[in-house]
1. Just for the stretch 1-27: of the residues that are among the small types (Gly, Ala, Ser) and surrounded by 10 or more Cβ atoms within 10 Å (Cβ to Cβ), which one is farthest from Glu69 (Cα to Cα)?
2. When both residues are 6+ apart or on different chains and their Cβ atoms are under 6 Å apart, which pairs have a first residue that lies in the stretch 41-66 and is of a type in the set (Asp, Glu), and a second that is assigned to a helix (DSSP H, G or I)?
Amino acid sequence: NSKLRHVEKDVLIPQIMRDRAKELCSDKVQAFTKCCQETGLLMVVKCRQENTALKDCLVGYYTDPSFYEDCKAEYLKQREEYRATGIKKKRQKFTPNV
């Protein structure tokens with residue numbers, strides 16, 4: 001049964017999307033974090049470029065219908081395994097196929 005409840009569509013699948021997008025944009029996450037650590041209170045001004053690059057990367061994934069479908073399929077697989085075994089599996093780190 002692949003019918004999704006409201007909480008699955010609006011909370012659980014988007015959480016997988018956020019986690020995977022952060023991993024796929026990890027170079028931009030690291031650049032922004034490093035900039036913030038180096039500049040302190042001036043980060044709002046000094047890290048604008050890194051922040052924009054990070055946001056563009058994340059939003060690119062959040063708005064990609066095929067990325068949503070991949071994450072939905074991952075969620076449904078996890079849900080199916082949980083229903084079969086009763087054991088909640090820890091989410092594995094996503095490794096992009098490079």
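1. To start, the set of residues in the stretch 1-27 that are among the small types (Gly, Ala, Ser) comprises 2, 21, 26.
Among the residues that remain, those that are also surrounded by 10 or more Cβ atoms within 10 Å (Cβ to Cβ) are: 21, 26.
Details: Ala21: 14, Ser26: 21 Å.
The selected residue is Ser26.
2. Close Cβ pairs satisfying both conditions: Glu50/Ala31; Glu50/Phe32; Glu50/Cys35.
Each reported figure results from applying straightforward, stated rules to the coordinates on display, with no laboratory input. Note that the structure is a prediction, hence the values are computed from the model and not measured. With ideal geometry, Cβ positions are generated from the backbone for all residues, glycine too; neighbour counts draw on all protein chains shown.
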